[in-house]
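Structure record follows, encoded as structure tokens.
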Amino acid sequence: MTFIKFLLTKSFLKQLGLAVIAIIVLSFLILTWLKFTTNHGQQIEVPDLAKMTIEEAEDALDDLDLRYEIMDTTNYNPSFPYKTVIEQLPKAGRFVKEDRKIYISLNRSGYPMIQVPPVVGKTKRQAEPTLKAVGFKIGKIDYRKYIAKDEVLEIRHKGQKINVGDKLQKTSVIDLVLGDGEGGLNRNAKPEEGGDDDSQSEIEADGGN
């Protein structure tokens, strides 16, 4: 019996048919198992948790079979109530699988305290971006007789002199005292009373802490 004739025998065709059926059944079982264990194709839209309390967020996520984890944050938004969700990852509207963990951040009770950076002795051009970069605002600019024009001689907050390393709330307004480029070498020289040429000021920002 030749090989080709053997392939055409009923016994071989029967075994081949059984093998094909077995492969189909096995493939179906594997795909069903994968779909069950990985939730293949199941997508859940992430809800918007903004301004929810932790209890409200937990209930909303439980209803969708989602989990959550609270992330540490220093962010503060005055338009959000205290200890409500201020940020979430993934963002609202994204689609995720069942049992996915949603990372949330809660709003603080206020802006964090920040150390005043070393700006005394620097120029106005250097000091302003340094203060703004850490979260402060620039307020009034006063000038004092000193040889170096626009050099920072002193920094103040609410009229009080402050020093490097002092802690102020983020967004606090800091006033600068600068040299006018026309005086001597005494950094602490006070302007003479009534001397219009000895001191001048300009307002660069309104309001503040």
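Couple of notes before you dig in:
- Here the range 172-209 is the region considered, the condition is being surrounded by 16 or more Cβ atoms within 10 Å (Cβ to Cβ) and of a type in the set (Ser, Thr, Tyr), and the residue that is modelled with the highest pLDDT is 172.
- Breaking point among (1) assigned to a loop (DSSP other than H, G, I, E, B); (2) under 16 Å from the mean Cα position of the chain (by Cα); (3) surrounded by 12 or more Cβ atoms within 10 Å (Cβ to Cβ), for residue 78: (3)
- Restricting the range 51-75 to residues that are among the acidic types (Asp, Glu) and part of a loop (DSSP other than H, G, I, E, B), the residue that is surrounded by the fewest Cβ atoms within 10 Å (Cβ to Cβ): 72
- Lone unmet requirement of (1) surrounded by fewer than 19 Cβ atoms within 10 Å (Cβ to Cβ); (2) over 30 Å from residue 53 (Cβ atoms) for residue 131: (1)
- Failed criterion for residue 140 (all others in (1) free of Cβ contacts under 8 Å to residues at least 60 places away in the same chain; (2) surrounded by 13 or more Cβ atoms within 10 Å (Cβ to Cβ); (3) out of contact with any helix residue (DSSP H, G or I) (no Cβ under 8 Å at 6 or more places or on another chain) hold): (1)
- Answer residue from the range 81-125, given it is free of Cβ contacts under 8 Å to residues at least 40 places away in the same chain and within 14 Å of the chain's Cα centre (by Cα) and is nearest to residue 52 (Cα to Cα) among those: 85
The values are calculated or read from the model by the stated rules, or taken from the named source; none is laboratory data. Model, not experiment: these values are computed from the prediction. Every residue, glycine among them, receives a Cβ derived from its backbone with ideal geometry; neighbour counts consider all protein chains shown.
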